[in-house]
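The values are calculated or read from the model by the stated rules, or taken from the named source; none is laboratory data. Keep in mind that what you see is a predicted model, and the values were worked out from it rather than measured. Here Cβ is always computed from backbone atoms with ideal geometry, including for glycine, and neighbour counts include all displayed protein chains. To get the accessible areas, we keep the full protein, side chains included, count just its heavy atoms, and leave off ligands, DNA and RNA. Shrake-Rupley method; radii C 1.70, N 1.55, O 1.52, S 1.80 Å.
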Amino acid sequence: MTIVSSEWPDGDAVGEFTWRISVFTADNRPVPLAGRSQTHEAALHDMVVKARAYMAQEPGTFIDRTALHVNRNYVQVQGIIDPELSVDDIVARITAAYDAEAAADAERERRRREIDAIPTLSPTPAGSVREAWHDIEAWLTVNTDYAADNRVPPQELRGTDGWPDELVEFLTLYSGAPYRLLPLNALLTVEQIHDARRSMVKVWAGLAAEEPEMVDANASAHPAGTPAYSFIDEYIPFAGLDGYFWFVDTRPGPMHGCVTEYSRDSSDEDGPKWVSISAMLTDLADSLAGETVFDRMWLSSVTDGEIDWRIRR
């Protein structure tokens, strides 16, 4: 019987476990083969048998890489084109790959719960922007080697009237810092701050006009540090990338000037991270110098003279 490539099982296929295996031709083109089986173990066996039967009937060569799904659980394995390996050998490799993926998922969930248990707001109090920046700059000088095009250029502080003093001071200092000084975000120039702020406020104003029930029209009247569940004019982003920002909240109240994260997935609902720019910089300086965790989850390292951030394990 000729085996035909298909993304979906045949109409007469039966079984609780739907599977699809893709073998790859010499030009890296995936060839999907699908089916159903009564048990998970049978699904692994049946897919390997079908894949090898397909390759046996087709001329040409195949790459030693196989992608497969069983009830939407995905892994990749090698060895299916090796004649020295039996069907049971390949099934054992697939089982090991699923076990490894399950262990990785469990570890990611453990780390997520561990991170979620840490308070979002750092206990570090406000301090000196200049002193913290001096420590950061000293660390950068000793440990990194940033080319000019990887640094924030000198800038004029036009349009910063009314901004928190710590933010303005920070903007005067970080010229020459690496763009990616912070995890997941790039430092913004004053011009980029204005552009990002206008763009985000416009997006949310449009959403408020289309779906007013989705946006709190009084968010600007709430005290600083209160989630707006949107991006309001009182937010001044100083670092950002791909729809994520760290911003200073300029609304009045005890948390005036606090640093909060905005994400395109959950807006600002997690609340403030630091009480001020100086508190953030103090934590950053301590983290770099002491090789300790920054912002609950991030550890720094230096690769080829540049900062690299990774989630702690």
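Structure values in brief
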item: Pairs where the first residue, in the stretch 1-17, is of a type in the set (D, E, K, R) and the second is open to solvent by 90 Å² or more (accessible area, probe 1.4 Å), C-beta under 7 Å, 6+ apart; result: Glu16/Gln38
item: Residue satisfying all of: in the stretch 229-243; within 24 Å of Leu157 (Cβ to Cβ) and either modelled with pLDDT under 95 or not aromatic (Phe, Trp, Tyr) (or both); surrounded by the most Cβ atoms within 10 Å (Cβ to Cβ) among these; result: Ala239
item: Filter pass, Thr260 being out of contact with any Leu (no Cβ under 9 Å at 6 or more places or on another chain), over 26 Å from Asn143 (Cβ atoms), among the β-branched types (Val, Ile, Thr) and open to solvent by less than 10 Å² (accessible area, probe 1.4 Å); result: yes
item: Whichever residue in the stretch 142-157 is assigned to a helix (DSSP H, G or I) and farther than 22 Å from Asp286 by Cα and, among such residues, is least open to solvent (accessible area, probe 1.4 Å); result: Asn150
item: Scan of the stretch 190-225 for residues that are touching a residue at least 40 places away in the same chain (Cβ under 8 Å) and touching a helix residue (DSSP H, G or I) at 6+ places or on another chain (Cβ under 9 Å), ordered by number; result: Ile193
item: Which numbered condition Ser276 fails, given (1) at pLDDT below 95; (2) out of contact with any Pro (no Cβ under 7 Å at 6 or more places or on another chain); (3) over 14 Å from Asn185 (Cβ atoms); result: (1)
item: Scan of the stretch 275-313 for residues that are part of a loop (DSSP other than H, G, I, E, B) and among the hydrophobic types (A, V, I, L, M, F, W, C), ordered by number; result: Val275, Val293, Met297
item: Residue identified as at pLDDT below 95 and surrounded by 13 or more Cβ atoms within 10 Å (Cβ to Cβ) among Asp265, Asp216; result: Asp216
item: Residues of the stretch 158-185 satisfying the condition of being hydrophobic (A, V, I, L, M, F, W, C), in contact with a Phe, Trp or Tyr (Cβ under 9 Å, 6 or more places away or on another chain) and either open to solvent by less than 50 Å² (accessible area, probe 1.4 Å) or farther than 19 Å from Trp309 by Cβ (or both); result: Leu167, Phe170, Leu171, Leu173, Ala177, Leu181, Leu182
item: Selection within the stretch 99-125 - within 30 Å of Leu173 (Cα to Cα), open to solvent by 60 Å² or more (accessible area, probe 1.4 Å) and either out of contact with any Lys or Arg (no Cβ under 8 Å at 6 or more places or on another chain) or part of a helix (DSSP H, G or I) (or both); result: Pro119, Pro123, Pro125
item: Breaking point among (1) touching a Ser or Thr at 6+ places or on another chain (Cβ under 7 Å); (2) in contact (Cβ under 8 Å) with a residue 24 or more places away in the chain; (3) not small (Gly, Ala, Ser), for Pro154; result: (2)
item: Options Val23, Val75, Val87; residue that is touching a residue at least 24 places away in the same chain (Cβ under 8 Å) and closer than 30 Å to Ile311 by Cα; result: Val75
item: The stretch 279-310, residues that are modelled with pLDDT of 95 or more, open to solvent by 40 Å² or more (accessible area, probe 1.4 Å) and of a type in the set (Asp, Glu); result: Asp286
item: Meets criteria (within 18 Å of Tyr98 (Cα to Cα), small (Gly, Ala, Ser), open to solvent by less than 80 Å² (accessible area, probe 1.4 Å) and at pLDDT 90 or above) for Ser6; result: no
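Let's see how each residue does on (1) assigned to a strand (DSSP E or B); (2) surrounded by 12 or more Cβ atoms within 10 Å (Cβ to Cβ):
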| position | (1), (2) |
| --- | --- |
| Val23 | yes, yes |
| Asn28 | no, no |
| Pro32 | yes, yes |
| Lys50 | no, yes |
| Leu68 | yes, yes |
| Tyr74 | yes, yes |
| Pro83 | no, no |
